[in-house]
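The values are calculated or read from the model by the stated rules, or taken from the named source; none is laboratory data. Owing to the predicted nature of the structure, the values given are computational and were not obtained by experimental measurement. We place every Cβ from the backbone using ideal geometry, glycine too, and count neighbours over all the protein chains shown.
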Amino acid sequence: MLAAAKSLGIDRIGVTSAEPFPELRERLVLHRALGYESGFEEPDLDKRTQPSLSFEAPRSIVAIAVAYPSKLKNPPVSEPGARRGILSRSAWGEDYHRVLGRRLERLAEWLAERAPELRWLSMVDTGALSDRAVAERAGIGWSGKNCMIMNDELGSWMYLGEMITNLPLPPDAPLLDQCGDCTICIDACPTGALVGPGQLNAQKCISYLTQSKGLLDEDAMVKMGNRLYGCDTCQIVCPINRGIDSRHQPETLPDPDVAKPLLRPLLQMGNREFKETFGASSAAWRGRKPIQRNALIGLGNFRDEASAGDVARVLREDPRFELRATAAWALGRIRGDVAQAALAEAAEADADERVREAASRALAALAEPAPKRGGVRD
């Protein structure tokens, strides 16, 4: 199977038993008690840690990894009047759920040719099991302090998936942790979401915040910078990842204008155009509202005066109060006559109290010294 992995489009493959994950369960119980869950996870902790609850009489789990790139070739330039946002690298190229789904199907076909009695169930991210826990036990990589699975050749730039089977496949040995005393990822986390080695408070993680749909507090918005989906900071700073840029999987290669899109056109983008532009990316799974809200945040953090009219239009016309309130915050940072006029109107006349309050706060901010730009990445 190891020898066949490359021909199947798989960069790493490993096997572990289908025994439960008791240590993971202990961590998950504590994680829940501390309020660190994102809410996107499987809520049943037994299902997350007992393969037999998802698959009858499991004998082994095959874990796979597919590498993805970490750098944009010839990235488009972000400049005044044409500011750009950024998608995390995991959202570049085709949706990894589809990419790994096809790899797991190929693997199943390969196994079935050699073991016709094969039964199998594949999972990629949205399954009950923890992809990272399976990958760690199967020897794909070690669990880094940034909660990512890492190995010394691909770093953490890899998608993970697994297949529960009824075959008694021999297990592989886990890899030794190579993070040592390094805490660069913990120190670099913009919001302090990495509360300790291998401990993540998902509620504070910028990746989670970009995927949420509600209003965000000002501190979070400033720290988001121009991120539209996800956050790669804890991976970018990691010494293990330095210089690694895997580009041999064609589906993972990004369209630079999708990975780093112009912000202003996003504000008026309808559902059809959004699906045409981002529908192939994993960034589309939450719909356009979070992306549009995050585009407003990015323009506010750039303090891009050329965008004031577009942002003011959102404040005046968008039916979604979350976007109007976020537009008010952004105008408070952009400043200028257009911003002030739109904010004064909204503070007086918007139908939603939350928007009126946001506009009033932004108007008050105009009387203060101009804020610094947020954590934007040109």
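Within region 52-70, the set of residues being out of contact with any helix residue (DSSP H, G or I) (no Cβ under 8 Å at 6 or more places or on another chain) and surrounded by 15 or more Cβ atoms within 10 Å (Cβ to Cβ) comprises PHE55, ARG59, SER60. Looking at ALA370, ALA365, just one residue is among the aliphatic types (A, V, I, L, M), touching a helix residue (DSSP H, G or I) at 6+ places or on another chain (Cβ under 9 Å), under 19 Å from SER307 (Cβ atoms) and not in a helix (DSSP H, G or I), and that residue is ALA370. For region 1-51, filtered to residues that are closer than 30 Å to ALA193 by Cβ and of a type in the set (A, V, I, L, M), the residue that is surrounded by the fewest Cβ atoms within 10 Å (Cβ to Cβ) is ALA33. Scan region 1-51 for residues that are over 23 Å from TYR208 (Cα atoms), modelled with pLDDT under 95 and not in a helix (DSSP H, G or I) and the total you get is 5. The set of residues in region 64-117 that are among the basic types (Lys, Arg), touching a Leu at 6+ places or on another chain (Cβ under 7 Å) and not in a loop (DSSP other than H, G, I, E, B) comprises ARG84, ARG103, ARG106.
Considering only residues that are free of Cβ contacts under 8 Å to residues at least 24 places away in the same chain and part of a helix (DSSP H, G or I), which ones fall in region 265-284? Passing the criteria: PRO265, ASN271, ARG272, GLU273, PHE274, LYS275, GLU276, THR277, PHE278. Every test in (1) surrounded by fewer than 20 Cβ atoms within 10 Å (Cβ to Cβ); (2) part of a helix (DSSP H, G or I); (3) of a type outside the set (Ser, Thr, Tyr) is passed by PRO319 save one, and that test is (2). Only one entry in ASP255, ASP217 is more than 19 Å from ARG377 (Cα to Cα) and either of a type outside the set (A, V, I, L, M) or surrounded by 23 or more Cβ atoms within 10 Å (Cβ to Cβ) (or both), namely ASP217.
The requirement of being among the aliphatic types (A, V, I, L, M) and outside any helix (DSSP H, G or I) is not satisfied by ILE297.
Taken together, ASN301, ASN271 contain a single residue that is loosely packed, with under 15 Cβ neighbours inside 10 Å, in contact with a helix residue (DSSP H, G or I) (Cβ under 9 Å, 6 or more places away or on another chain) and either within 23 Å of GLY85 (Cα to Cα) or basic (Lys, Arg) (or both), which is ASN271. Taking the condition of being assigned to a helix (DSSP H, G or I), within 20 Å of GLY180 (Cβ to Cβ) and either under 19 Å from the mean Cα position of the chain (by Cα) or free of Cβ contacts under 8 Å to residues at least 12 places away in the same chain (or both), how many residues in region 118-166 meet it? Residues that pass the stated criteria total 1. For residues in region 13-58 being β-branched (Val, Ile, Thr) and out of contact with any strand residue (DSSP E or B) (no Cβ under 8 Å at 6 or more places or on another chain), which is nearest to SER207 (Cα to Cα)? Top of the filtered list is VAL29. Of GLU317, GLU357, all but one fail to be modelled with pLDDT of 95 or more, within 31 Å of the chain's Cα centre (by Cα) and either under 23 Å from GLY270 (Cβ atoms) or of a type in the set (A, V, I, L, M, F, W, C) (or both); the exception is GLU317.
Whether any residue in region 245-258 is of a type in the set (Asp, Glu), over 25 Å from GLU317 (Cβ atoms) and not in a loop (DSSP other than H, G, I, E, B) is what I want to check. Yes, some residue in region 245-258 is of a type in the set (Asp, Glu), over 25 Å from GLU317 (Cβ atoms) and not in a loop (DSSP other than H, G, I, E, B). Could you tell me which residue of region 71-108 is farthest from the chain's Cα centre (by Cα), considering only residues that are at pLDDT 95 or above, small (Gly, Ala, Ser) and surrounded by fewer than 17 Cβ atoms within 10 Å (Cβ to Cβ)? In this case the residue turns out to be ALA82. Scanning region 122-175 for residues being of a type in the set (Asp, Glu) and surrounded by 19 or more Cβ atoms within 10 Å (Cβ to Cβ) gives a total of 3.
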